[in-house]
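Report on the following structure.
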Amino acid sequence: MSGATRKGVVLHLGVVALLAGLQFVLPAYHHGNLARVMVLASFALGYNVMFGYTGLLSLGHAMFFAAGLYGMGLAMRHLGLPALPALALGVLCGAALAALVGLLALRTAGVAFMIVTLMFAQTGYLTILYFGAFTRGDEGFVIPRAARRIGALDLSEPTTRYFAALLLLGLCLFATLALVRSSTGRVLIAIRENEDRARMLGYDVFRYKLLAMVISGAMAGAAGAAYGLLFGYVGATFASVQYSIFPLLWVLLGGAGTVLGPLVGTLFMFYLIDLSSGFTSAYMLIAGVALVLLTLFAPRGLMGLVRARLVPWLP
Amino acid sequence: MAAVTLLSATGITRDFGGLRAVDQVDFELPEGQIRALIGPNGAGKTTFVNLLCGRLAPSAGRIVFAGEDVTRLPAHARIARGMAYTFQITSIFAALSLYDNVALAAQRRLAAGEGLGAAVAAALGRVGLAGRADQTAGDLSYGHQRLLEIAMGLAQRPRLLILDEPTQGLSDAEIEDFIALIRSVARDATILLIEHNMDVVMTLAERITVMDFGAVLAEGTPGEIKADRAVRIAYLGG
């Protein structure tokens, strides 16, 4: 077992090192893209803890991303909080909202859980629009460049931004790895596989699901807050249903229940849309066909396929 | 035998709609005993043990386990207090390795995973599945899956082990090993066994409770049950 753990750690360190190395060779356009992908992949990693490992399909994850984004953004805009405490507040908002929603939504399961989370997220979205005087609604607001600093670091400067995004991704990656290798992670997977059996082994299934949701919400909140800080914009689009579907797609494509899957899926989808929109205005058609093909031929996602065919020890 | 009562149920009743599956059952199980629960199909045996371990809530009655009223406790809390339940229909984690299956059963009682590997190996060894820890549970034969269920029960080190038709689908040789295994387990646990195989029941059980139509029809030693006229008519076929 410890051999597989070591291999897992080495593999993920390798991925982080590769991303760090790419920073020096990528052209400016892809450099900026990759920073964005890394933040969004952190969001997807959070989604994966709930969906991929615990088997809870949420259709409302945009609310946790937005909780982080607005928790950070509104605190900076209205309270004049500096960037670092605002970031911490964003993570806290994501986790706290997940705990609150979880306490209510986890009383349901399956399709009902999907609908309840979707409804909560829509409520969140409409709340942001309703309090437009504070949030500037759909239009959103910009976080001034001067405020996007932590100490001597200017987060709007591309290299700093890239490494900040990489740091976030690395933290989420290794947090997930540590979680799924722990005894707590084993219980989460057991709940995904056979909830009744997990209960009949003496585990308080509700408490474990709530824990998964809070971890997931904290990661989504961290991603939201970081996104606003690094790219300087806070807007209601990020709370819309689209941003609840994205992490589901990214995780499914990359491989639910694999640690690297969310990153691979986010990267794949981002560049699929980016490249196909270079050829045609009907780029969503190309993206759609690619999704259908992947679902048909790699139903466990890209990394799921890699695990099944090549690397059985893949975490 | 002046044994302490480990589990007692008083007036346990469970209705499903208009059907009364378990009707006012009083049941007492002393610590350390091997008790068999028998009865025709549909007699309410599985419903009754589901009420004991908390998978179902009783419509009426009271359950006391190890001196504590557990009637209102959810299943996981009763399991955590020392009950273990092995399913009639094999319910393992088919996609996980044998190691993970048994580790899930053992890790709850071990602080910070200490000695987890040894505990898993010991439980697998006792049921004869040593050396297969890395196999995927779903790939095992049916008989071996049943043994894995039992290993999961053992790994919990329960005070009360409830086995729901454990020998179903086992070969004669496997049944013999099973009888020896249960005898060794009974040295430090109380056992409640639902079983259809009368040879197993008569060999293992110290006392037998017979259920019919949701109620207790008779209770006694294997000899008394064999001699009981009502039981013979209801169950053993006259």
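Every read-out reported here was derived from the displayed coordinates using simple, explicitly stated rules and does not represent laboratory data. These figures come from a predicted structure and were not determined experimentally. FYI the Cβ positions are ideal-geometry reconstructions off the backbone, even for glycines, and counts take in every protein chain you see.
Below are the figures for this structure:
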item	result
Shape box of the stretch A:131-248 [Cα atoms, principal axes, largest first, Å]	55, 34, 21
Label point 7 Å beyond Cα of A:TYR29 along Cβ direction - residues of the stretch A:264-290 with amide nitrogen under 12 Å	A:274-279
Inter-label distance, nm, simple model (7 Å from Cα along the C-beta direction), A:ILE115/A:THR237	3.1 nm
Helix-only CD estimate at 222 nm, as mean residue ellipticity for the protein assembly as shown, using -39500 (n - 2.57) per DSSP H run (n ≥ 4)	-18000 deg cm²/dmol
Neighbour net charge for B:LEU56 - beta-carbon separation under 14 angstrom, K R +1, D E -1	+4
Förster-model FRET efficiency, 25 Å R0, B:ASP26 and B:SER184, C-beta, rounded to 0.05	0.25
Relative contact order of chain A, pairs being alpha-carbon contacts under 8 Å that are 6 or more residues apart, as %	32 percent
Computed label-point distance, nm, for sites A:VAL9 and B:ARG62 using a 7 Å Cα→Cβ extension	5.4 nm
Debye, to nearest 20: dipole size of chain B, +1 on Lys, Arg Cβ, -1 on Asp, Glu Cβ	480 debye
Test item: Cα-centred dipole of the stretch B:83-157, Lys/Arg +1 and Asp/Glu -1 on Cβ, debye	240 debye
Residue order, fewest to most surrounding Cβ atoms within 10 angstrom, among A:LEU211, A:LEU155	A:LEU211, A:LEU155
Magnitude of the charge dipole, the protein assembly as shown, Cβ model with Lys/Arg +1 and Asp/Glu -1, debye to 20	1340 debye
Packing-based exposure ordering (other Cβ within 10 Å, fewest first) of A:VAL142, A:VAL15	A:VAL142, A:VAL15
Positive-end residue, the protein assembly as shown charge dipole about Cα centroid, Cβ charges, pick of B:ILE63, A:VAL214, A:VAL142	A:VAL142
Alpha-carbon Rg with Dmax, taken over chain A, Å	19.0, 56
Spin-label proximity, A:LEU129 to the stretch A:232-263 - amide N less than 12 Å from point 7 Å beyond Cα toward beta carbon	A:236-237, A:239-241
Intensity falloff of chain B expressed as log10 I(q)/I(0), Debye formula with alpha-carbon point scatterers, at q = 0.12, 0.13, 0.14, 0.17 Å⁻¹	-0.67, -0.79, -0.92, -1.31
Selection from A:PRO82, B:HIS196, B:ALA186, by position along the positive dipole direction of the protein assembly as shown (Cβ)	A:PRO82
Listed residue (B:TYR85, B:VAL120, B:ALA137) projecting farthest to the positive dipole end of the stretch B:83-157, Cβ model	B:TYR85
Relative contact order (percent, whole number), the stretch A:220-315, Cα cutoff 8 Å, 6+ residue spacing	27 percent
Ordering of B:35-42, A:184-191, A:35-42 by burial proxy (mean other Cβ atoms within 10 Å per residue, highest first)	A:35-42, A:184-191, B:35-42
Of A:ARG300, A:ARG199, A:ARG148, the one that fluctuates the most in a GNM where chain A has Cα springs shorter than 10 Å	A:ARG199
Averaged over A:193-199, number of beta-carbon atoms from partner chains that fall within 10 Å	6
Efficiency of FRET between A:ALA17 and B:THR136 - r from beta-carbon atoms, R0 35 angstrom, step 0.05	0.60
Spatially proximal lysines relative to A:LYS7 (Cα-Cα < 29 Å; intrachain offsets below 8 disregarded)	A:LYS209
Under Karplus coefficients 6.51, -1.76 and 1.60, residue-wise ³J(HN,Hα) of the stretch A:100-110 in Hz, glycine/proline x	5, 5, x, 4, 8, 5, 6, 6, 10, 9, x
